[in-house]
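> Sending over a structure as structure tokens; questions will come in a sec.
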Amino acid sequence: MKYLIANSTAEVLEFLKEAGGTASILAGGTDLILDIESGKKKADTLVDVTRIPELKKIEEVDGFLEIGAAATLTEIQKNPLVRKYFPSLAKGCKTVGSSLIQNVATLAGNVITAQPAADAGMALSVLDPRFVLVDEEGTRECGVDEMYAGFGVSTLDSGRTLMTKIKIPLPNKNEAASFQRLELRKSLSLPMLNVAAMASIKDGKFEWVRLRMAPVGKGPVRAAEAEEWLVGKEVSAETFKKAGELALENANPRSNPLRGSKEYRESTLPVMVRRALLEIATQLNVMEG
Amino acid sequence: MKERLVTTVNGRRIERYVDPSMRLVDFLRDELLLTGTKIGCKQGECGACTIIMNGTAVLSCIMPVMKAMDAEILTIEGLEKDGTLHPIQDEFIKGGAIQCGFCTPGFIMGTKALLDENPSPTSEEVREELSGHICRCTGYKKIEEAVLKAAERLREEKDD
Ligand code: FES
Ligand code: FES
């Protein structure tokens, strides 16, 4: 195996090209290293992108919060801009593995490993993120649904394409987001369920809602039925309840011996949705928590 | 193929040719013979292999050795000074926060990183920050107490 430390985006592309598709980009490596060892993933060359200064930045640019793809979950979760604009994202980052994992793992990696219930990627998924991807052909942006190919499979080929940053539009003052997690333990345990929501509320009514849940399918699954139904609805406990029930229409949780049966997950999912919507209403001072 | 690694471990500059598929913990233990750093799970789930790299607590078992390039690494062996244990080590011993000791180096390095950043943590913060470490013997209470005691002592030493 070869290990290359890249100092710029251009150098990453050069290294990848030289390897002709047999290399893999490495950021935190908290999953990749184990996946390579177990044979789940292959790479002859690792290209370490964590020393590229541009990829470490977290900054506000033209109405977006931009998070460099090599920023660690700890750096993101402690960043004042993230805390100010997207506390739910900070919360999602803070629940991945343990602080020891968060100190090296990245948000970009949390998305690219494509585990369906990855907490940071889930919290991010409802914030309308744009992923900036660079390869030989140039730079492009893509949205959440274009990132997930399957269970633990990304659409992004880490042997050819580099994610440089994640852009999130800054919220308006009548918008807020929430991230909810159902867990056995606070640390070192994957969630039994997680739900993320973002909404805009005007005159006591939902203008729009983005609602996603996991692990109930591939990547962060949209609760499309609930989202549509919620538009124009009064912000109230009954509305949350109905939305929770509708979320089940798009959810297909599996039974897991450690993290809950299908039945248990189906009974608790509506509760998580209710909590998420209530938290948003509370943040926007429409309701009391 | 071996690659050149230059790194600093416990203040000592080291230059070696290493197999880049090696994990940092194996390099520390097998090549540098610093066996104080333990391997519990080798999966990033127990915290036994915790070391400090450039001021941050990290898991050396899931870290490729080349991540140590140009880094400053501190392991449990680097804590004592001229035969005197570090206050954190001392408080762990005094407080009975050690039984079999297997988790201890990891806990102590995690504690060091925590107290360097936050010299006066609350119990809650100690629990949260050290929640990536697993101990099968002590029941954690004594560890929490030892950490708070060590924090107090380090603050006093600083004031002197
Ligand atoms: S040995 Fe590294 S976390 Fe368990
Ligand atoms: S003292 Fe034995 S595992 Fe902690």
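> About the Cα centre, and with charges only on the beta carbon of Lys, Arg (+1) and Asp, Glu (-1), how big is the dipole of the stretch B:2-160? Nearest 20 debye, please. Before the final figure, lay out the partial values.
On the way: 21 positive and 27 negative charges, 117 e Å.
About 560 debye.
> Okay, moving on. Of A:282, B:95, A:103, which is farthest on the positive side of the dipole of the protein assembly as shown, counting Cα position, with +1 on Lys and Arg Cβ, -1 on Asp and Glu Cβ, and the Cα centre as origin?
With unit charges placed on the Cβ atoms, the residue in question is B:95.
> Across the stretch B:87-159, how many lysine pairs, 8 or more apart or on two chains, come within less than 16 Å at their alpha-carbon atoms? Each step should come with its number before you reach the end.
On the way: B:94/B:141; B:94/B:142; B:94/B:149; B:112/B:149; B:112/B:158; B:141/B:149; B:149/B:158.
So the count of such lysine pairs works out to 7.
> May I pose another question? What does the C-alpha gyration tensor say about the overall shape of chain A? Classify as rounded when a/c is under 1.5, otherwise prolate if a/b is larger than b/c, or oblate. Could you put the intermediate results ahead of the total?
Details: a/c = 2.12, a/b = 1.58, b/c = 1.34.
Prolate.
> Please check chain A for the longest run free of trypsin sites (Lys or Arg not before Pro) that are loop-located per DSSP (anything but H, G, I, E, B) and have at most 10 other Cβ atoms within 10 Å. Walk me through the numbers on the way to the answer.
Working: sites that count: A:42, A:173, A:185.
Result, exposed sites excluded: A:43-172.
> Also, I was wondering about something else. Using a simple spin-label model with points 7 Å from Cα along the Cα→Cβ vector, what separation in nm is obtained for residue A:136 and residue B:6?
So the label points at residue A:136 and residue B:6 sit 3.4 nm apart.
> Pull out a ≥ b ≥ c, the square roots of the eigenvalues of the alpha-carbon gyration tensor of chain B, then state rounded if a/c is under 1.5, prolate if not and a/b is larger than b/c, and oblate in the remaining case. Could the numbers behind the result be given before it?
Numbers: a/c = 2.08, a/b = 1.60, b/c = 1.30.
Prolate, because a/c is 1.5 or more and a/b exceeds b/c.
> Among all lysine pairs in the stretch A:1-71 that are eight or more places apart or on different chains, how many have alpha carbons less than 24 angstrom apart?
Close lysine pairs found across the stretch A:1-71: 9.
Laboratory data are not the source of any read-out in this text; all were calculated from the coordinates shown. Since the structure is predicted, the reported quantities are computational estimates derived from the model, not experimental observations. Cβ: placed from backbone, ideal geometry, glycine included. Neighbour counts: every protein chain shown.
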